[in-house]
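Data first, discussion second: the structure below is written as C-alpha cells.
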Amino acid sequence: MRPIRLLAILSLLLLLVSSCSQRPRELAPVDQVMGQAMRSFEKGRYVDALDRFTRMGLDYAGSALMDSVRYMEAECQYRMDEFLLAADLYQELVTRYPTSPLVDEARLRTADCWFELSPHFALDQTYTIKAVDEYQSLLDDFPDSPHRALAEERIHACRHKLALKDLRAAELYLKMEEWPAALLYFNDVLETWYDQPDVMERALYQKSISQSRMKRVADARATLEEYLSTWPDGGHAAQARQDLEALK
C-alpha cells in the first residue's frame, strides 16, 4: 500500500473516531437562559444582552418564547439608538408571529423607530411620513390599544413638522415675489394642515399678502376678515387690521 493512500485512510479513521467521541452540547433550560439575558438588559448591558438573545434565537428556535426573544433583540437595538436595525426586528416579529400578544407593542415600537429617525422639518421627511403611517395603522388595527394617546400625540407632532415644511415652501415663494405660486401653496397648507392652528394662522395672513400683490383686493379683504374673525388676538392681528384699513 502506498504511503499517501495509507496516510489518507489513517486520517479518515481519526476523523471518524473524533466525531464519535464528541457529544452534543447540552443546553440550559430556556427559562434560565432567558432570565440571564433579561438581567443583562435590565442592567443596561445591551451588547451582552443582545448577544444572549441572538444565541437563544439559534439554540431554542422552536421555543414558545421566540416572539419574546425577537422583541428583546429589537429592544436592545432600540436602546442603543440603532433604530433601523430595531425596526427590522420589530417588523420581523409582526410577520413571523402574527398571533403573538407582543404584536401591538412591536407595531408601536416600529413607529417609534421612524419617529426617532424623523429629522428637522427643513430636511427630508421620509421617516416622518413613515411614522405617521405606522402610528395610524396601529390605531386602525388596534382601536382599543393602550398606546392610543401616545400614538395620537406623536401623529400630531409629525403632522406639525410636515405642515411647517409646506409652510416654509409657501413662504419662500412669497419672499421670491412669486405671488401665484405662493397663493397656491398657502391654499394647500390651509386645506391640508387644518389641525395645526399655528401654521394655519401664519398661512392665512400671508395668503392675504399674495392676493393683495396680485391686485385681488376683494379676495384679500375677505381673507383678512376671516383671519381677524378666527384669530382676533393672533400674531398678525394688528398688521391685518392695518392692511384691511389700507384696502378700503
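The values are calculated or read from the model by the stated rules, or taken from the named source; none is laboratory data. These numbers were taken from a predicted model, which means no experiment stands behind them. All Cβ positions, even for glycine, are placed from backbone atoms using ideal geometry, and neighbour counts span all protein chains on display.
The requirement of being modelled with pLDDT of 95 or more, closer than 21 Å to Trp114 by Cα and of a type in the set (A, V, I, L, M, F, W, C) is satisfied by Ala74.
Residues that are more than 8 Å from the chain's Cα centre (by Cα) and of a type in the set (Val, Ile, Thr) within the stretch 103-128 comprise Val103, Thr126, listed in sequence order. If you go through the stretch 208-229 and keep only what is exposed (fewer than 13 other Cβ atoms within 10 Å of the Cβ) and hydroxyl-bearing (Ser, Thr, Tyr), you end up with just Ser229. If you go through the stretch 109-129 and keep only what is part of a helix (DSSP H, G or I), of a type in the set (S, T, N, Q) and in contact with a Cys (Cβ under 9 Å, 6 or more places away or on another chain), you end up with just Thr128. If you go through the stretch 129-162, how many residues are over 17 Å from the mean Cα position of the chain (by Cα) and either β-branched (Val, Ile, Thr) or surrounded by 14 or more Cβ atoms within 10 Å (Cβ to Cβ) (or both)? Going through the stretch 129-162 one residue at a time, the tally reaches 2. Looking at this structure, is Trp179 of a type outside the set (S, T, N, Q), buried (at least 21 other Cβ atoms within 10 Å of the Cβ) and in contact (Cβ under 8 Å) with a residue 24 or more places away in the chain? When the stated conditions are applied, Trp179 does not pass them.
Scanning the stretch 149-171 finds no residues that are without any contact (Cβ under 8 Å) to a residue 12 or more places away in the chain and in the same structural domain as Gly234 (by TED's automatic domain parsing).
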